[in-house]
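Accompanying notes for the structure given below.
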Amino acid sequence: MFKTALVILNWNGISFLRKFLGTLVSYSASQSSIIVVADNGSTDGSVEWVRSNFPDVRITELGENHGFAGGYNLALKQIDAKYFILINSDIEVTPGWSESLIEFMDKHPEAAACQPKILSWSNRSHFEYAGAAGGFIDKYGYPFCRGRLFTKTEADEGQYDNITGVFWTSGACMIIRSEAWKKCGGFDSSFFAHMEEIDLCWRLLLSGYKLFYLPESVVYHVGGGALPYNSPFKTYLNFRNNLFLLYKNLPASKLHITLFKRKLLDGISAVLFLFTGKFGNVKAIWKAHMDYYRGVKEMKVKRSAIERTSEDNPLKYILNKSLVFEFYVKGNKTFRKLKTNF
């Protein structure tokens, strides 16, 4: 059994592997860890390139594209380690990044997962969209981060250089205790990609675990590597999976009213896309809602299976305000201006 397994889920990412894998190996290798590239059926020569250039990196070939959620589920079943570090292929790590995360987890057995500070690779003074300085959601399920509200990212000026509890840790780069991963069932493969880590983190919180952000560990993320940010397919996944997320995890007292209001907000988003000529995104939202209704029966089974040791515990990390209203109406464009109680 290894202490730590660093696992990169790859799908046609040879350009990122060429750019970043060498640094990852240099700054992460130790006798107690293993580095794994789990390949989701790439056709760009990724597997052959890794095998030729990094023979000590283990390769797990998954045969086809199972998505982010399904791919990691299959890959981690084949690995025996105390900690899993999930890291995207388009991330540049820094010296000591993994040691800081591992040391933190060793000292905090209550922690199920922890994420580093995630900065932008192309604009290195700013936080990056996918995780920034730790994730939260508002009462309607909109994800945001310390350092990122919607698409607006802040400059890193040390304002979030404190260790803090969070609602979700970023799937772009996170360390998770394998025991907690297995207990809570890993990612929900129905999500395919996007928000599967938020869903898992919600289940971890409901099971009594804690989640953290650790600023001492720093990585740089390119972002949008596998799926561009303006892709209608990304829009589809985000809107469908957000409804799945709420349906599965909300307490019964808040479920129906929250879903009703969220659907209204989705309708407003569709109208805005329509008036700006983004017809692909309008279609994506419509399809997301139709597929949500088709999937409700399956989600109902999953909802009933979720262990809720404390329904109140996760709620303290949920913003009891509308992020849409705060950002677009009140003009609060940064995390600190939201006046949270986190």
Can you give the convex hull volume per residue for the Cα atoms of the stretch 54-197, as a whole number of Å³?
144
Straight-distance crosslink candidates among aspartates and glutamates, where the alpha carbon sits under 18 Å from Lys19 and sequence neighbours closer than 8 are dropped
Asp39, Asp44, Glu48, Asp56, Asp90, Glu92
Among Tyr72, Trp97, Asn123, which residue has its Cα positioned farthest towards the positive end of the charge dipole of the stretch 66-123, with +1 placed on the Cβ of Lys and Arg, -1 on the Cβ of Asp and Glu, and the dipole taken about the Cα centre?
Tyr72
Could you go through the stretch 142-149 in sequence order and give the Karplus-derived ³J(HN,Hα) for each residue, using 6.51 cos²θ - 1.76 cosθ + 1.60 with θ = phi - 60°, rounded to whole Hz, and x for Gly and Pro?
6, x, 7, 9, 5, x, 7, 10
What residues qualify as long-range amide H neighbours of Trp168, i.e. H under 5 Å apart, gap of 5 or more or another chain, H built at 1.01 Å from N?
Gly135, Phe136
Lys/Arg +1, Asp/Glu -1 at C-beta; the stretch 123-281 dipole; positive extreme among Tyr220, Ala155, Thr258:
Thr258
How are the Cα pair distances of the stretch 216-311 distributed, in percent, across 10 Å bins from 0?
14, 38, 28, 19, 2
Provide Rg and Dmax in Å for the stretch 201-269, with only Cα atoms included in the calculation.
15.9, 41
For Gly41, list long-range residues whose amide hydrogen, built 1.01 Å from N in the peptide plane, is under 5 Å from its own amide hydrogen.
Leu62, Gly63, Glu64
Based on DSSP, what percent of beta bridges with both residues in the chain are antiparallel, to the nearest 5?
45
Over the stretch 1-89: Kirkwood hydrodynamic radius from C-alpha pairwise inverse distances, Å:
12.9
Gaussian network model of the chain, springs between alpha carbon atoms under 10 Å - residue of Ser42, Ser30, Ser217 with greatest fluctuation:
Ser30
Residue order, fewest to most surrounding Cβ atoms within 10 angstrom, among His108, His289, His256:
His256, His108, His289
What's the whole-number percent of alpha carbon pairs in the chain lying beyond 33 angstrom?
23
Classify the stretch 131-178: rounded, prolate or oblate, from the alpha-carbon gyration tensor (a ≥ b ≥ c, eigenvalue square roots; a/c under 1.5 rounded; otherwise prolate if a/b is larger than b/c)?
oblate
With the cut-off at 26 Å, tell me which of the pairs Lys117/Lys333; Lys210/Lys339; Lys210/Lys321; Lys248/Lys287 have Cα atoms farther apart than that.
none
Placing unit charges on C-beta atoms (Lys and Arg positive, Asp and Glu negative, everything else neutral), compute the dipole magnitude of the chain about its Cα centre in debye, rounded to 20.
1460
Using the Karplus equation 6.51 cos²θ - 1.76 cosθ + 1.60 (θ = phi - 60°), what ³J(HN,Hα) coupling, rounded to whole Hz, does each residue of the stretch 256-272 give in order, writing x for Gly and Pro?
6, 5, 5, 4, 4, 5, 5, 5, 5, 5, 4, x, 4, 4, 4, 5, 5
Just to confirm the number: angle between the C-alpha axis of helix 279-305 and the first principal axis of the chain, 0 to 90 degrees, nearest 10?
80
Which three semi-axes in whole Å describe the equivalent ellipsoid of the stretch 157-257, each the square root of 5 times a Cα gyration tensor eigenvalue, listed largest first?
23, 21, 14
Angle between the chain longest axis and helix 232-249 axis [Cα atoms, degrees, rounded to 10]
80
Helical contribution to [θ] at 222 nm, DSSP H n ≥ 4, -39,500 (n - 2.57), averaged over the chain, rounded to 500:
-12500 deg cm²/dmol
What percentage of all Cα-Cα pairs in the stretch 270-342 are separated by more than 16 Å?
71
When the Cα centres of the stretch 238-306 and the stretch 7-60 are compared, how far apart do they sit, in Å?
35
Selection from Gly134, Ile87, Thr43 lying farthest towards where the dipole of the stretch 27-176 points positive, charges on Cβ:
Gly134
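Read-outs throughout are calculated quantities, based only on the coordinates presented, and are distinct from any laboratory measurement. Treat the numbers as computed from the prediction; the structure is a model and nothing was measured. Methodologically, a virtual Cβ is constructed for each residue, glycine included, from the backbone with ideal geometry; neighbour enumeration extends over all protein chains shown.
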